[in-house]
Amino acid sequence: MNLFSLFRGDGLRGRSMRSSFFTMMNIGSENILRLGGNLILTRLLFPEAFGIMALVQVVMTGLRMFSDIGVRLSIVQNERGNDPLFLDTAWVLQIGRGVILWLATVALAVPMASFYDAPILAQLLPVAGLTALFQGFNSTKLATANRHLVMGRVTMINVISRVIGLVVLVGLAFWWRSTWALVIGGLAAPLAMMIMSHVSLPGHTNRFRLERAAAGSLIRFGRYIFLSTIGGFLVLQADRAILGKLVSLSDLALYNIAIMLATLPRVLQQNLVSRVLYSLYSTRPPGESDRNYRDIAKARFLVIGSTVVMAVILAVVGNHLIILLYDPRYEAAGVLLVLMAIGTLPGLICNSYTTAILATGHSGRYALINGLAAVVQIAVLAVAVWYYGVIGAAISPFVSSLLFYPVQVWTVVSYRGWVPRQDMLFAAVSAVGIALALWVNQDVIQAALVQFAPR
């Protein structure tokens, strides 16, 4: 059997392989365009502009995650996921969520500007909030494609929308030289995506229809997704929310540049897990047969292994990468990238486990696990930032993921989702990578402990 034969056919394996390939293309193109845009924009704008945008993104991400009702996941998992009436109901609920999100950004604008002592946030947030409104009108064809692991055309429109967004963003930054360029330009990609999701994908054309039974099913499943994403926000965004109050906008900009690169493996993994492993767990639960267990273990090995290797490479060469790509104003982000990449490794090994729980429809248990993870991470983050400032924020995920690993294993064992041999292999690879990264970067790490020490 040659490599190309794995991608052929309409069977589950062929669709899974193609979906994984297109997901990696999607994430790869997203991050190449984001990095390219970031390199151009850092030369056109001042560092504080990126610090302000980091605060805007914290608020927007928080609102988006706090209001997540799991529409896409419900369409993938629910037995009515192909029913037009169910899809229309999901679309109406999604639009309602988008409207509420935009209104929330308007309401929070002045309080957030006061809290962070950044008056411009009062003007920026209501405009940035239009992103949520556009995303609310996205067609459910996107979720249907995910349900059937048919991701080629979705990848294409994702790439096109990002290219449009980048061109608009860079053009506005060159002309405007203001934080406003980042906000206004940031609306172009979601607007293009909204339009193309309706006109460029096959499937049911959404209409404004609402069925009580479908809405009830969506809300029952989504209420726990809502709770779990609150925990997810605290895990993924609390560092910037806290640092935005404690450090300068310039230091926050350095942190944000580093985390953009350090989280590439995690972003890729999350997309592969949610778009590929989630569908496999839903259709072939590992507890049902040895064959299902082996198939999912093979898929998981590729997903986890590739992202662990990516993180190790970033940990070793991160400082040199920043020096190569950015001008001297941003060189201090290099050591933060090294430490953040190290910090992500334990989480990369075990983050996929909760997907096995959610795929069975046990969204309540999934929410509980995410909530406990958030409590652990916030506690570790608070202590780390108190004693080590920005450096502490960079390394805190390493400690919290190690502490929480036994809990994740304990919850997933009953679903037959734990793969201990893989975990031990990935842990060994991570240990070697961490040792090499610390040895290569020992001088800059020592200097950073002084530069970023809490004042």
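The values are calculated or read from the model by the stated rules, or taken from the named source; none is laboratory data. Note that the structure is a prediction, hence the values are computed from the model and not measured. No Cβ is skipped: glycine too gets one built from the backbone with ideal geometry, and neighbour counts run over all protein chains shown.
Within segment 172-185, residues that are assigned to a loop (DSSP other than H, G, I, E, B) reach partners that are modelled with pLDDT under 85 and surrounded by fewer than 22 Cβ atoms within 10 Å (Cβ to Cβ) with beta carbons closer than 7 Å, at six or more positions or on different chains, in the pairs Arg177/Leu44; Arg177/Leu45.
For segment 276-287, check the following and say yes or no: at least one residue is more than 27 Å from Ile40 (Cβ to Cβ) and aromatic (Phe, Trp, Tyr). Within segment 276-287 (the criterion being more than 27 Å from Ile40 (Cβ to Cβ) and aromatic (Phe, Trp, Tyr)), the answer is yes, since at least one residue qualifies.
In segment 76-135, what count of residues is obtained for those that are touching a residue at least 40 places away in the same chain (Cβ under 8 Å) and small (Gly, Ala, Ser)?
8
Evaluating Ala448 against the criteria (1) crowded, with 20+ Cβ neighbours inside 10 Å; (2) free of Cβ contacts under 8 Å to residues at least 12 places away in the same chain leaves one unmet condition, (2). Restricting Ala54, Ala90 to residues that are closer than 30 Å to Gly244 by Cα and modelled with pLDDT of 70 or more narrows the list to Ala54.
Matching residues to (1) of a type in the set (D, E, K, R); (2) free of Cβ contacts under 8 Å to residues at least 40 places away in the same chain; (3) under 19 Å from Thr263 (Cα atoms):
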residue: Ala374; (1), (2), (3): no, no, yes
residue: Val383; (1), (2), (3): no, yes, no
residue: Thr411; (1), (2), (3): no, no, no
residue: Trp418; (1), (2), (3): no, no, no
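Taking helices (runs of 4 or more DSSP H) that fall entirely within segment 198-296, which contain at least 3 residues that are modelled with pLDDT of 75 or more and either outside the structural domain of Pro119 (by TED's automatic domain parsing) or on the phi > 0 side of the Ramachandran plot (or both)?
212-246, 249-262, 264-272
Please go through segment 315-342 and give me each residue that is surrounded by fewer than 24 Cβ atoms within 10 Å (Cβ to Cβ) and part of a helix (DSSP H, G or I), ordered by number. Those that are surrounded by fewer than 24 Cβ atoms within 10 Å (Cβ to Cβ) and part of a helix (DSSP H, G or I): Val316, Val317, His320, Leu321, Ile322, Ile323, Leu324, Leu325, Pro328, Arg329, Tyr330. Where helices (runs of 4 or more DSSP H) sit wholly within segment 354-455, those with at least 1 residues that are of a type in the set (Ser, Thr, Tyr) and within 26 Å of Ile322 (Cβ to Cβ) occupy 363-412, 420-440. Based on this model, can you work out whether Val409 counts as within 23 Å of the chain's Cα centre (by Cα), surrounded by fewer than 17 Cβ atoms within 10 Å (Cβ to Cβ) and under 19 Å from Arg300 (Cβ atoms)? So Val409 fits the description; yes. When we screen Thr131, Thr155 for residues that are assigned by TED's automatic domain parsing to the domain that holds Ile52, under 20 Å from the mean Cα position of the chain (by Cα), at pLDDT below 90 and more than 26 Å from Ser279 (Cα to Cα), the only hit is Thr131. Checking each residue in segment 103-134 for being closer than 19 Å to Phe208 by Cβ and surrounded by fewer than 20 Cβ atoms within 10 Å (Cβ to Cβ) picks out only Phe134.
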